[in-house]
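Step one of this worksheet: look at the structure below.
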Amino acid sequence: MAVTLANLLASRSLHLRVAGHASGNPDAVVTWVATTELEDPLPFLSGGEVVLTTGLRQKSAAAQRRFITRVHEAGVVAVGFALGLSHSKIPPAVLAEADRLDLPVFEVPYETPFVAISRMVADAISADHYGKLEQLLKDHQALASALLGGGGLPALLRTLATTLRTDVVLSQYGTRVFASSNKQHASWHTVPISTGMKDRCTMALAEPFERNAIVDYAQSLISLELNNQAKHRERERRATGQILQDVVRGTLQGQDAAVRLDNIGVDTSLRQQLIVVQASATHRRALRTLPLPAGMEGTITGLLDDRLVLILQDAESAEEPGRRLSDYFREAGLTATVGVGGGYAQANGLRWSYFEAKEALSHGRPLNVPQRLSLTSLLLASEDVPLADLASEALDPLVAFDAAHAGQLMSTLETYLDLNGSVAAVADSLGLHRNSVRYRLGQIVDLTGYDPAITADRVHLWLALTVRRLESEAG
């Protein structure tokens, strides 16, 4: 334990005696002992010392007062004045100035060498230092044991809160990952946690608390653990995504699919619902390692086509978890849309739920709920069908003709398909003669090679227009 001024003055072996009326702060910790005969020692003092002097150069009352003023400015704890050398007693000017400034002064008898005082303080500082090191090592072991003993990060943070006797909160992506309690505090000390990701990870310690080097060690342990968790999540999501990809694309079916899904914790006898998250290009990488919000930590996740897929098993509805996930992304500052699929049993049901969720994403809202899945929805959700090429091949000649001749063939085609192929209805809608409508339809056939009066060609042109519209809505 570090020595205080009261401890020092109470030491019987030193025979020190307080002089004057100043009491100062008896509980002030003595940081060092400085012996000086300088007239102005202030530049060589840092505060917290006990200054020892013989007064050799303090021959006038003015010099003595100036000496006391300067050491007081330095923030020393007390002044020890040696007797029997330059002075037989402490000069009155020294005591008067010290009393005025409330700076304690004590007599050091002739038989007490300065080195005895220095040794006592140095031994106490050394013992205090080693005591703190020993306690720090114990605290290090306690944190490491909490982390590695099965309790993980929550156990480490609870141990840290107990050690510091304060509350600890860990936040990532702007949301709380852990809190040692729900108590409200007026002030927090925030410590950044480095994870190598743009996750704004911080640890907050409720004020007041004793500053301790254990916080630095906790920072490094938390950083290491979060990095390990992120790498583990990415590996698991990639492995799960590979299985989901085989199921969704139909290359893994039946009992083989059930066995593979069971290996990742999916019970195909239960009703499954998928939530699919699509992030902007800027934030897509975050989906690989992003922790899930509170209450969803155990959900099975996978990466499929750069999208995060969550598998909810036997849930009443995926809409509420989807809304919570959407709010979580918004609070985390990540731009993403969430699509929810329907609930189905058996491995093949995952395909339907995925296609529903993916088709729902095309609506572009923060949260998109499923609609009845149609053949058109499946085609639009599929990445294996070259729909963009289909649309360009069919419609680019019409777009080019309209741009060159203001032919309005695109609007005529759209109206014709919307009105179920009725020439009369198109003529009324566009204010044209029926022969003008037939003439434009003939131009469409000539330019594209597709006849909207033929069912197969009509479906082809309708899909092309739908794809073009979705591309336009997506920017």
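The values are calculated or read from the model by the stated rules, or taken from the named source; none is laboratory data. Source: prediction; values computed, not measured. Cβ sites come from the backbone with ideal geometry, for glycine too, and all protein chains shown count toward neighbours. Side chains included, ligands, DNA and RNA excluded: accessible areas come from the protein's heavy atoms. Shrake-Rupley method; radii C 1.70, N 1.55, O 1.52, S 1.80 Å.
Considering L398, L350, the condition of being among the aliphatic types (A, V, I, L, M), at pLDDT 85 or above and within 22 Å of L270 (Cα to Cα) is satisfied by L350 alone. Applying the condition of being under 27 Å from T289 (Cβ atoms) and touching a residue at least 12 places away in the same chain (Cβ under 8 Å) to region 208-217 and asking which residue is surrounded by the most Cβ atoms within 10 Å (Cβ to Cβ) yields V215.
For region 208-255, a residue qualifies if it is in a helix (DSSP H, G or I) and among the polar types (S, T, N, Q), and the qualifying residues are Q219, S220, S223, N227, N228, Q229, T240, Q242, Q245, Q255. If you go through region 12-27 and keep only what is open to solvent by less than 20 Å² (accessible area, probe 1.4 Å) and part of a loop (DSSP other than H, G, I, E, B), you end up with L14, A22.
Taken as a whole, the structure places L52 among residues that are touching a helix residue (DSSP H, G or I) at 6+ places or on another chain (Cβ under 6 Å) and not in a helix (DSSP H, G or I).
Looking only at region 87-106, residues that are out of contact with any strand residue (DSSP E or B) (no Cβ under 9 Å at 6 or more places or on another chain) and in a loop (DSSP other than H, G, I, E, B) come to 2 in all.
Residues are listed down the side, and each one gets a yes or a no for (1) within 52 Å of the chain's Cα centre (by Cα); (2) closer than 21 Å to V3 by Cβ:
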{"position": "G47", "(1), (2)": "yes, yes"}
{"position": "T54", "(1), (2)": "no, no"}
{"position": "R66", "(1), (2)": "no, no"}
{"position": "T69", "(1), (2)": "yes, no"}
{"position": "G75", "(1), (2)": "yes, yes"}
{"position": "G80", "(1), (2)": "no, yes"}
{"position": "L83", "(1), (2)": "no, no"}
{"position": "E97", "(1), (2)": "no, no"}
{"position": "T112", "(1), (2)": "no, yes"}
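For A98, state whether it is surrounded by fewer than 21 Cβ atoms within 10 Å (Cβ to Cβ) and hydrophobic (A, V, I, L, M, F, W, C). It is false that A98 is surrounded by fewer than 21 Cβ atoms within 10 Å (Cβ to Cβ) and hydrophobic (A, V, I, L, M, F, W, C). Whenever a residue of region 238-254 is without any contact (Cβ under 8 Å) to a residue 24 or more places away in the chain, its partners that are open to solvent by 50 Å² or more (accessible area, probe 1.4 Å), lying with C-beta atoms within less than 8 angstrom and at least six residues away or across chains, give the pairs D246/R260.
Only residues that are at pLDDT below 90, small (G, A, S) and within 53 Å of the chain's Cα centre (by Cα): list them for region 1-22, please. Listed by number, the list holds a single entry, A2.
Applying the criterion of being on the phi > 0 side of the Ramachandran plot and of a type in the set (D, E, K, R) to the residues of region 154-208, the residue that is modelled with the lowest pLDDT is R200. For V121, the requirement of being under 30 Å from E331 (Cα atoms) and of a type in the set (A, V, I, L, M, F, W, C) is not met. The residues on offer are A318, A360, A332, A294, and the sole one that is at negative phi, modelled with pLDDT under 90, under 26 Å from the mean Cα position of the chain (by Cα) and crowded, with 23+ Cβ neighbours inside 10 Å is A318. If the condition is being open to solvent by 20 Å² or more (accessible area, probe 1.4 Å) and either part of a loop (DSSP other than H, G, I, E, B) or within 14 Å of Q346 (Cα to Cα) (or both), then region 269-281 contributes S269, L270, R271, S280, A281. The condition of being farther than 28 Å from N228 by Cβ, touching a Phe, Trp or Tyr at 6+ places or on another chain (Cβ under 8 Å) and free of Cβ contacts under 8 Å to residues at least 40 places away in the same chain does not hold for G80. Here is a check on your reading of the model: is L310 open to solvent by less than 10 Å² (accessible area, probe 1.4 Å), modelled with pLDDT of 90 or more and out of contact with any strand residue (DSSP E or B) (no Cβ under 6 Å at 6 or more places or on another chain)? Spelling it out, it is not the case that L310 is open to solvent by less than 10 Å² (accessible area, probe 1.4 Å), modelled with pLDDT of 90 or more and out of contact with any strand residue (DSSP E or B) (no Cβ under 6 Å at 6 or more places or on another chain). Taking L287 as the residue in question, decide whether it is open to solvent by less than 30 Å² (accessible area, probe 1.4 Å), at pLDDT 90 or above, closer than 28 Å to R200 by Cα and assigned to a helix (DSSP H, G or I). Yes, satisfied.
Answer with yes or no whether L205 is free of Cβ contacts under 8 Å to residues at least 60 places away in the same chain and either part of a loop (DSSP other than H, G, I, E, B) or touching a helix residue (DSSP H, G or I) at 6+ places or on another chain (Cβ under 9 Å) (or both).
yes
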